Every structure is written in structure tokens, then in C-alpha cells.
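First the structure, in the form of C-alpha cells, and then the observations on it.
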Amino acid sequence: MRSVNDFISDRALGVDASGIRKVFDLAAKMKDPINLSIGLPDFDVPEPVKAAAIEAIRAGHNRYTQTQGIAPLRERLTKDLSAEMGRDVGDVLITSGVSGGLLLAILALINPGDEAIFLDPYFVMYKHLITMAGGKAVIVDSYPDFRFHADRVAKAITPRAKLMILNSPSNPTGVVMSAAEVAAAVELAKKYDLLILSDEIYEPFLYDAPRGLPSPAKLYDRTILLRGFSKSHAMTGWRLGYAAGPAEIIAQMTKLQQYTFVCPPTPLQHAALAALDVPMNDAVAAYRRKRDIICQGLEKKFELVKPQGAFYVFPAAPRGSTASDFVARAIEKNVLIIPGNVFSERDTHFRISYATTDEKLGQGVEVLNSLA
């Protein structure tokens with residue numbers, strides 16, 4: 001007789017549990033930890049957005065919507081994105097978070113054996129979703145500055161390459177691609193006939209880019225753009241994002257959504273319309289200040305690249321210590337951080353989320369410096 005484990009698919013066994021979620025579970029068991037681990041905004045959903053969600057529920061917007069999402073939200077996003085990108089961005093699909101959009105895009109694009117290229121460090125889902133789809137993750141080292149080096153990427157491109165994944169602002173480094181780097185990425189995509197998947201979930205959190213985010217969607221119509229509301233409006237538990245791109249690809253993602261998520265949460269789609277009219281400048285300013293607090297607090301004892309966006313910093317562990325060992329020591333001192341090997345092929349750095357109170361940031365800085 002087969003054991004229960006014999007029934008588990010190779011697909012499931014081929015991916016590891018998320019290191020981020022492991023720390024998230026650990027935090028739930030600890031009493032008042034200094035939690036610098038999770039990318040969870042410490043502000044709440046804006047009141048007008050909450051009110052819009054409640055009103056949508058009371059108005060009876062509780063049934064299925066079209067798989068692609070409600071028309072008013074899609075039309076508004078199409079209008080806004082097309083104005084920002086300076087061109088028609090194609091079709092728009094409302095997704096169950098940007099994570100849902102990533103899954104649908106990769107399932108729609110990657111055949112077994114296809115290669116997808118992205119930089120190391122990387123957001124944890126890229127590698128594992130590509131593996132789940134039967135593709136091959138081609139991971140290009142970007143240390144020590146975490147920038148997009150076109151020559152390194154070009155050397156990694158083979159005839160099996162199909163997709164280039166860009167993430168700016170970056171999780172876990174906070175690096176924002178410059179206009180020149182984006183242009184170089186687009187040139188490679190054109191030269192080698194690649195599609196670009198641009199993960200821009202942290203787009204509102206820009207600290208040193210007064211002209212807005214340089215996006216490949218401005219230069220290249222074969223771009224699938226992914227954005228959402230989780231980080232910008234603290235709607236992480238609402239699971240609401242969106243994808244924009246060529247109609248043919250969005251149609252396939254929509255079809256796959258029919259058989260997975262069915263449709264995004266209905267009342268929250270109506271609330272997202274309200275969210276688009278709520279300015280979040282104060283939150284961005286607060287996180288710029290938190291960025292400066294954490295960087296100034298750690299820069300004397302840790303090697304780090306000052307982040308330009310998102311709400312993470314990715315310092316190097318002290319010399320002579322792996323990141324995993326350093327993180328274990330920090331957890332013993334009640335400070336939760338994430339080892340860099342969750343996001344990287346290296347075990348040399350660790351991720352800090354500064355999406356917490358100034359008090360917790362100060363306490364975390366003090367402990368980390370003492371450990372260094």
C-alpha cells in the first residue's frame with residue numbers, strides 16, 4: 001500500500017515553503033516581537049476606502065462579477081495607465097492580488113523547458129512559480145549594487161528564453177531601476193524577442209524619483225504590467241491587483257482565472273475605485289523618513305545599498321557570519337528579519353522591512369548593531 005506521501009505530486013515537492021511565511025508564523029507565536037520581517041504596511045486602509053467597501057456590501061455587490069473584473073474599475077485603470085505610459089496599454093484584468101496576477105501570467109506564458117530571466121536577489125514567488133509551470137528560472141547575479149547590468153543579462157539569454165521579469169521598486173533590495181536601465185532591458189527584450197513581465201506593486205513608494213517610475217510599459221508594448229492595492233493602500237488582506245498588456249495574453253490570463261480564482265472579491269473591487277481617488281502622499285513621506293531612520297541607524301556597522309523605493313533594505317551580514325546564522329541570533333534577541341537566501345542564491349545578506357513604528361525601528365536598530 002502506498003503511503004500518504006506517495007500521493008503528493010512532484011510539482012508540490014519541487015518547491016519549498018516560503019521562508020517569509022515561516023517567519024510570519026513564528027511572529028504569531030512570539031510575545032511582542034520587534035517584527036522587521038513582513039512587507040505589511042503599518043498604516044490602516046484609508047477610511048474612505050473602508051466606507052466604500054461597506055457601502056458596496058450593503059448595496060448588494062456580493063455576487064460574482066465578470067472574471068475580468070467590474071467594467072468601471074477596468075475602464076478607470078485603462079484610462080489612468082494609458083495616460084501615464086503615453087500609449088494604449090492594452091486590456092486590463094483585475095486579479096486576486098499581484099501574486100494572483102503573477103501566477104496567471106506565468107501559467108499563460110511558460111511551457112515546460114521555457115526560460116524566464118530575472119535578477120538575484122528576487123521576490124520569492126518568481127523562482128517557484130516558474131518551477132511549478134515546468135519552466136527554468138535563469139537567475140542573473142546583481143551583487144553588490146543590485147542594479148540591472150545589461151551585459152550580465154545578455155550572457156544569460158539562450159534560444160529557450162521567453163520572458164524577462166523586472167521588479168522595480170525591488171523586493172527585497174528597494175532598488176529602483178533608472179530610465180537608462182529600463183531602456184537597456186527593453187533593448188534586450190527587442191533584440192532577443194522576449195516578453196517583459198514588470199512587477200510594479202511598490203510603484204507608489206518612490207523616494208528619489210520625482211518624475212515617477214521608469215516603466216518598461218512606456219517603451220515596449222510587449223510588457224505585462226502588474227500593480228495592485230495591497231501596499232499602496234494597506235489592503236494586503238483584500239487581495240486585489242491588476243494586470244495590463246497585450247489583449248491576446250490578457251485573454252489567456254482571464255481564461256485561467258475562470259478556473260482558479262473565478263473573479264476578484266466583488267465589494268472590494270468597488271472600494272478600489274474609491275482608493276484610486278485617495279492620495280497616499282503622507283504614507284509615502286512617512287516611509288521615506290523610516291527609510292532614512294533605518295539606513296542612518298545601520299550604515300556604520302553594516303554594508304548596505306540605500307533603497308530608493310518599496311520599504312525594504314538588504315544589508316550584508318557581518319563578516320564571518322552567514323545571513324542565516326545572523327538571523328538566528330537576531331531572533332534569539334526578539335528581532336524578526338528574513339535571511340537573504342529566501343530571496344537569493346547567496347546566504348550573505350538579510351532583509352529588513354521598515355514598515356513598522358518608529359519605536360520598533362529604533363529598538364531593532366539597537367539590537368542589530370549590538371549583534372554586529
Report summary line: Karplus ³J(HN,Hα) for segment 73-84 (6.51 cos²θ - 1.76 cosθ + 1.60, θ = phi - 60°; Hz, whole; x = Gly/Pro) runs 6, 5, 5, 5, 5, 4, 5, 5, 5, 5, 5, 5
**Report entry** Accessible surface of segment 125-228, 1.4 Å probe, proportion on carbon and sulfur as whole %
**Finding:** 54 percent
**Report entry** In sequence order, calculated HN-Hα J values of segment 360-369 (Karplus, 6.51, -1.76, 1.60; Hz; x Gly/Pro)
**Finding:** 5, 4, x, 5, x, 4, 4, 5, 4, 5
**Report entry** Radius of gyration, Dmax [segment 192-273; alpha carbons; angstrom]
**Finding:** 14.3, 42
Query raised in the report: For segment 42-165, what's the relative contact order in percent, using C-alpha pairs closer than 8 Å and at least 6 residues apart?
Result: 20 percent
Query - Solvent-accessible surface ranking, highest first, for D42, D292 at 1.4 angstrom - result: D42, D292
**Report entry** I224 long-range amide H proximity, modeled H, under 5 Å
**Finding:** I196, L197, S198
Query raised in the report: If you project the alpha carbons of segment 133-247 onto their three principal axes, what span does each projection cover, largest first, in Å?
Result: 40, 31, 25
Query raised in the report: According to the square roots a ≥ b ≥ c of the eigenvalues of the Cα gyration tensor, what is the shape class of the chain, taking rounded for a/c under 1.5, prolate for a/b larger than b/c otherwise, and oblate for the remainder?
Result: rounded
Query - Point-charge dipole on Cβ atoms (K/R +1, D/E -1) for the chain, about Cα centre, debye to 20 - result: 320 debye
Query raised in the report: Å³ per residue of the Cα convex hull, for segment 139-186?
Result: 81 Å³
Query raised in the report: Non-local amide H neighbours of V89 (under 5 Å, H modeled in plane, Pro and chain starts lacking H): which ones?
Result: S82
Query raised in the report: Could you give the radius of gyration (one decimal) and Dmax (whole number) of the Cα atoms in segment 262-309, in Å?
Result: 17.4, 50
Report task. Calculate, in nm to one decimal, what D221 and Y192 gain on full extension: separation in residues at 0.36 nm each, minus their alpha carbon distance. Result -> 8.9 nm
Requested in this report: Tell me the Kirkwood hydrodynamic radius of segment 1-147 in angstroms, computed as one over the mean inverse distance between distinct C-alpha pairs.
Outcome: 19.7 Å
Report task. Highest first, please rank the peptides 156-162, 5-11 by the mean number of other Cβ atoms sitting within 10 Å of their residues. Result -> 156-162, 5-11
Report task. With a 1.4 Å probe and all protein chains in place, put T348, T254 in order of accessible area, largest first. Result -> T348, T254
Requested in this report: Tell me which residues come under 5 Å, amide H to amide H, from D141 once H is placed; ignore anything under 5 positions away on its chain.
Outcome: D120
**Report entry** segment 168-229 and segment 239-256: distance between their alpha carbon centers, rounded to Å
**Finding:** 18 Å
Requested in this report: Throw me the Rg/Rh for segment 166-321, computed over C-alpha atoms with Kirkwood Rh, two decimals.
Outcome: 1.02
Query - DSSP beta bridge pairing in the chain, given as percent antiparallel to the nearest 5 - result: 45 percent
Query raised in the report: When averaged across all projection directions, what area in nm² does the alpha-carbon convex hull of segment 236-283 cover?
Result: 4.5 nm²
**Report entry** Principal axis box of segment 73-217, alpha-carbon based, largest edge first, Å
**Finding:** 37, 31, 28
Query raised in the report: Say we join alpha carbon atoms closer than 10 Å with springs in a Gaussian network model of the chain; which of K136, K290, K190 then has the biggest fluctuation?
Result: K190
Report summary line: Looks like segment 118-159, by Cα gyration tensor root eigenvalues a ≥ b ≥ c and the a/c under 1.5 rounded cutoff (else prolate when a/b is bigger than b/c, oblate otherwise), is oblate
Query - Residue-wise HN-Hα coupling along segment 46-52, computed from phi with Karplus coefficients 6.51, -1.76, 1.60 (Hz; x: Gly, Pro) - result: x, 4, x, 6, 4, 4, 5
Report task. Would you mind computing the Rg to Rh ratio of segment 244-372 from its alpha-carbon coordinates, Kirkwood style for Rh? Result -> 1.12
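The values are calculated or read from the model by the stated rules, or taken from the named source; none is laboratory data. Owing to the predicted nature of the structure, the values given are computational and were not obtained by experimental measurement. Cβ sites come from the backbone with ideal geometry, for glycine too, and all protein chains shown count toward neighbours. Ligands, DNA and RNA are stripped out before the accessible areas are found, and what is left, the full protein with its side chains, is counted by its heavy atoms. Shrake-Rupley method; radii C 1.70, N 1.55, O 1.52, S 1.80 Å.
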